[in-house]
Amino acid sequence: MARSLMSVRADVPSERMRPTELSDESRPPGRSAKWEARREVIIDTSAAVFARSGYHATGIAELCAVNGFGKGAFYYYIGSKEELLAAIHDRVMDEVMLGADRVAQAGGSASAQLAMLGDELLDVIHRYPDHVWVFLHEFPALTDERAEQFRVRRRVYEQRVEAILQAGIDSGEFRELDPKLTAFAWLGMHNYTYLWLKAGGRVSARDVAKPFADIFLQGIAR
C-alpha cells in the first residue's frame, strides 16, 4: 500500500476549470471549438434528463428534443447513448481528480489534506448534482471497456484517499485503522450529500465541508 500521496500529478491551474474542454491539440481531428462547446452543452443537458427520468427510461428521441437536435445532428456530437453516459461519468471523475491533484500540490499534514480533499469533493457535488446522481446510480449501464475504465478511475481516486489516511497513520497523526475501510466511510459521508446539497440552496459546499472534516477527523485522530 502506498505510504504517501501518489507521485503522478498533473500541472493544475489555480482556478477550477471544466476539464473536458479540449485544447486545439487534443480535440478530435476535424472538430472545432464550436463543436466541442455544443457537445459539452449536450452532456450537461442530458445529465439533467437522466437524473430526472433514469438512463434506461430515457430514449434518444427525448434527448434530441431537449437538446434541440434531430437524430443526425445529435449523433454528430454524441456517438451513442452509452457514450453520452460515459461522458457524464468522465465529467465527474475529471473534476474530482483535478481536486485530488490540487490537494497533492498543496501538501501539508494528513488532516489538512483530508479536509481539503473533502472541500474539493463537495464542491464538485454542489456544482454538478445531476451528473453526480447519474454517476452514482447509472454506472452499471456502462459496458465492456467503458465500464472497466470507470472502475479503474474510481479505484485510483479511492487510493488517493487511502494514501492520505495511511500517511496520517504512519506519522502518528491518526490512530491505527484500516485505510481502505476508512476511505469507504469517508467517501460515503461525502458522496451522498448529493441528496440534499443543492446549488442555490440554504447551505453551500463550504458550509458543509468544514464541519464534515471536524466530525471525521475527530473520529480518527490518535
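The values are calculated or read from the model by the stated rules, or taken from the named source; none is laboratory data. The structure displayed is predicted, hence computed values, not measured ones. Note: ideal-geometry Cβ built from the backbone for every residue, glycine included; neighbour counts use all protein chains shown.
Brief remarks follow.
- Out of Gly172, Gly201, sole residue that is of a type in the set (Gly, Ala, Ser), surrounded by fewer than 21 Cβ atoms within 10 Å (Cβ to Cβ) and under 24 Å from Val49 (Cα atoms): Gly201
A quick yes/no check of all residues on (1) at pLDDT 95 or above; (2) of a type in the set (S, T, N, Q):
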site	(1), (2)
Leu63	no, no
Asn67	no, yes
Leu98	yes, no
Tyr128	no, no
Gln149	no, yes
Tyr157	yes, no
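- Test: residue in the range 116-136 that is surrounded by 14 or more Cβ atoms within 10 Å (Cβ to Cβ), out of contact with any helix residue (DSSP H, G or I) (no Cβ under 6 Å at 6 or more places or on another chain) and within 16 Å of Gly188 (Cα to Cα): yes
Matching residues to (1) within 12 Å of the chain's Cα centre (by Cα); (2) not β-branched (Val, Ile, Thr):
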{"site": "Ala110", "(1), (2)": "no, yes"}
{"site": "Gln113", "(1), (2)": "no, yes"}
{"site": "Met116", "(1), (2)": "no, yes"}
{"site": "Glu120", "(1), (2)": "yes, yes"}
{"site": "Val124", "(1), (2)": "yes, no"}
{"site": "Pro129", "(1), (2)": "yes, yes"}
{"site": "Phe139", "(1), (2)": "no, yes"}
{"site": "Glu145", "(1), (2)": "no, yes"}
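- Lone qualifier among Gly54, Gly30 - being at positive phi and at pLDDT 90 or above: Gly54
- If you go through the range 48-76 and keep only what is aliphatic (A, V, I, L, M), without any contact (Cβ under 8 Å) to a residue 60 or more places away in the chain and not in a loop (DSSP other than H, G, I, E, B), you end up with Val49, Ile60, Ala61, Leu63, Ala65, Val66, Ala73.
- Only residues that are out of contact with any helix residue (DSSP H, G or I) (no Cβ under 7 Å at 6 or more places or on another chain) and surrounded by 15 or more Cβ atoms within 10 Å (Cβ to Cβ) were counted in the range 47-74, giving 1.
- Filter pass, Gly79 being closer than 30 Å to Leu121 by Cα, without any contact (Cβ under 8 Å) to a residue 12 or more places away in the chain, of a type outside the set (Val, Ile, Thr) and surrounded by fewer than 19 Cβ atoms within 10 Å (Cβ to Cβ): yes
- Residue within the range 118-132 that is closer than 11 Å to Ile164 by Cα and either in contact with a Pro (Cβ under 6 Å, 6 or more places away or on another chain) or not β-branched (Val, Ile, Thr) (or both) present: no
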